[in-house]
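The block underneath contains the structure these notes are about, expressed in structure tokens.
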Amino acid sequence: MSKAAASAATRLPPPEVNDLVRVTVRPGHRDGEAAVVLADQVPSRVEDVTSDARTGAPGAMVIAAPRFAGDVQDLPAGTACLLEWVTERGVFRLPAQLQAEQVSPSGLRTWRLAVTGPVTREERRRFVRAPWQLPAVLVVRRDLQALPPNRRHEVERAGVPAALAGLPDACEVTASNVSEGGLLCVSAGPVLPARLPLIATFSIEDVSFEAPSSVVWSMLRAGTGKGTGTQPVVQSAISFDDPAQYGEVLRPMVFKAQLQARRLGLI
């Protein structure tokens, strides 16, 4: 196998047309200055992807222009952007630069981006986790003004306030695995916005937990939902705000469950 073929075989795939992505915008800054984040994980959608015919590597793409505070101002060509999207394999990232803003024939504002690096994947496994089938309730926090200023700023930039009206007060889910850092949950929906503040409530061995948390990512599982003939299945990764809050209690429970799963050949 040639070096180019081997590289193509191991390359992570870029997002496809109509995939939902989140965009972080960091305008250029001089050395010695702090990077300014103008938009943080703002929702968008891929409209077009141009790939190298020989290697398959993405070279350019067009996305729906993200909406954020200050988006009425023209950003200079070369403005750094980061695209993020979620699949069942994890959180994927792709660095890019803004080339131009355009308007499609249908009137849609779009950004033409030049890809500046390879696709990378983050599995987010800072803590030992164990498979579980654990009922839990995710209580949606609407008291955003009570959040610390930095956290509230992140939540607002992510567009959470606008999404709150369409969310229930609480979501019943099943945690499919548990760690002292958070939960991986499945439910019938809805898909939750990234950075949404929550209270994750669940019980293990008669110990009750009420952990302030936030959504890392949430996605509709491929092959489920509208048009598939099957009920929707939504997967959501939930991160505890302070893993140390219950760490000493959860850690031995997780290790015990992990050992049991190994004995049963589940992991």
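The values are calculated or read from the model by the stated rules, or taken from the named source; none is laboratory data. What you see is a predicted model, and the numbers here were worked out from it, not measured in a lab. Cβ coordinates were reconstructed from backbone atoms using ideal geometry, including for glycine residues, and neighbour counts include every protein chain displayed. For the accessible areas, the whole protein counts, side chains as well, though only heavy atoms, and no ligand, DNA or RNA atoms are used. Shrake-Rupley method; radii C 1.70, N 1.55, O 1.52, S 1.80 Å.
Looking across 179, 106, one residue alone is open to solvent by less than 50 Å² (accessible area, probe 1.4 Å) and at pLDDT below 90. It is 179. Take the residues in segment 115-136 that are in a strand (DSSP E or B) and surrounded by 15 or more Cβ atoms within 10 Å (Cβ to Cβ), then tell me which one is modelled with the lowest pLDDT. The selected residue is 129. Consider residue 240 carefully, then state whether it is open to solvent by less than 50 Å² (accessible area, probe 1.4 Å), modelled with pLDDT of 90 or more, more than 16 Å from the chain's Cα centre (by Cα) and of a type outside the set (Ser, Thr, Tyr). It is false that residue 240 is open to solvent by less than 50 Å² (accessible area, probe 1.4 Å), modelled with pLDDT of 90 or more, more than 16 Å from the chain's Cα centre (by Cα) and of a type outside the set (Ser, Thr, Tyr). Scanning segment 213-228 for residues that are within 18 Å of the chain's Cα centre (by Cα) and either open to solvent by 20 Å² or more (accessible area, probe 1.4 Å) or farther than 15 Å from residue 242 by Cβ (or both) returns 214, 215, 216, 217, 218, 219, 220, 221, 222. In segment 153-172, the residues that are open to solvent by less than 70 Å² (accessible area, probe 1.4 Å) form Cβ pairs under 7 Å with partners that are hydroxyl-bearing (Ser, Thr, Tyr), at six or more places apart or across chains, as follows: 171/187. Within segment 33-52, how many residues are aliphatic (A, V, I, L, M), open to solvent by 30 Å² or more (accessible area, probe 1.4 Å) and at pLDDT 70 or above? Residues meeting the conditions: 2.
When you check residue 195 against the structure, is it within 24 Å of residue 241 (Cβ to Cβ) and open to solvent by 50 Å² or more (accessible area, probe 1.4 Å), yes or no?
In short, yes.
Remark: pairs (first residue in segment 192-216, on the phi > 0 side of the Ramachandran plot; second residue open to solvent by less than 40 Å² (accessible area, probe 1.4 Å); Cβ separation under 6 Å; 6+ apart in sequence or on different chains) = 195/155; 195/158; 195/160; 195/214.
How do the pairs read when you match residues in segment 41-58 that are more than 30 Å from residue 153 (Cα to Cα) with residues anywhere that are among the β-branched types (Val, Ile, Thr) and open to solvent by 60 Å² or more (accessible area, probe 1.4 Å), using Cβ under 6 Å and keeping only pairs 6 or more apart or on different chains? Once the first residue is more than 30 Å from residue 153 (Cα to Cα) and sits in segment 41-58, no partner that is among the β-branched types (Val, Ile, Thr) and open to solvent by 60 Å² or more (accessible area, probe 1.4 Å) comes close enough.
Of the helices (runs of 4 or more DSSP H) lying entirely inside segment 149-267, those carrying at least 3 residues that are over 15 Å from residue 136 (Cα atoms) and among the basic types (Lys, Arg) are 149-157, 244-263.
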